[in-house]
């Protein structure tokens, strides 16, 4: 929520970069975003320090291109519902690719990974469903997409530095599993918060 609330301040900062990329189609930039997201998942799955560094770099690039495609479309005055649909579908696949990479890495946990995916998907669904019902797109809650990005970037760096783990009630905990737990809990809490916010607005 903290990062998502800064969108208005970040947008003008991306304008010069969007102008440089304006010669490319927004759809092409969206494809770059999903490709780098898939690479992030693959690099995290491989999990050596060098691959984790690669995951960090590819995640930054994926997020950058994801932020640019819509801005380039608006800059070129070619924004469309089709482009918005493509962007949202790619965003969900990007989330899944990255979380699956973490889940099936040597640091991951399948049950926690599935719970994290449920939380992330429901968070996004509740945000867009609000708009589908005639309200504004809902960015409320404690764990928006921008927040997840920051947590993932920090987690990758910490995972490179902190390679050990501890066991709590038979569950192995390391940086990556803690990240999955937070995505599962924070994501589902955010989904509920968005549901309640939209529900109250409709009543």
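Laboratory data are not the source of any read-out in this text; all were calculated from the coordinates shown. Here the structure is a predicted model, which means the values were calculated and not measured. Note that we place each Cβ from the backbone using ideal geometry, even for glycine, and neighbour counts take in every protein chain shown.
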Check your understanding: In region 107-132, which residues have a backbone nitrogen under 19 Å from the label point lying 7 Å from residue 46's Cα in the Cα-to-Cβ direction?
Key -> 107-108
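Neighbouring Cβ atoms within 10 Å as the yardstick, rank 126, 193, 19, 13 fewest first.
Numbers: 126 21, 193 18, 19 12, 13 8.
In increasing order of surrounding Cβ atoms, one gets 13, 19, 193, 126.
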Study note, to complete from the structure: When the chain is treated as a Gaussian network with springs between alpha carbons less than 10 Å apart, the largest mean-square fluctuation among 14, 32, 61 is found at 14
Exercise for review: Compute the distance in nm between two label points, each set 7 Å from the Cα along the Cα-to-Cβ direction, one at residue 114 and one at residue 201.
Suggested key: 3.3
Practice item. Specify the angular offset, from 0 to 90 degrees and rounded to the nearest 10, of the alpha carbon long axis of helix 49-75 from the longest principal axis of the alpha carbons in the chain. Key: 10
Practice item. In a Gaussian network model over the chain where Cα atoms closer than 10 Å are linked, find which of 86, 100, 171 has the largest mean-square fluctuation. Key: 171
Exercise for review: Starting from the alpha-carbon convex hull of the chain, give the projected area averaged over all orientations, in nm².
Suggested key: 11.8
Check your understanding: To the nearest 10 degrees, how steep is helix 110-132 against the longest Cα principal axis of the chain, on a 0 to 90 scale?
Key -> 20
Check your understanding: Hey, what did the chain get for relative contact order, percent, Cα under 8 Å, at least 6 apart?
Key -> 26
**Study point:** Choice from 177, 163, 48 showing the highest fluctuation, given a GNM over the chain with Cα pairs closer than 10 Å
**Key:** 163
Exercise for review: Please give, to one decimal in nm, the separation of the simple spin-label points placed at residue 129 and residue 53, each 7 Å out from Cα toward the Cβ.
Suggested key: 4.3
Point to revise | Label point distance in nm, residue 75-residue 93, each placed 7 Å from Cα along Cα→Cβ | key: 2.4
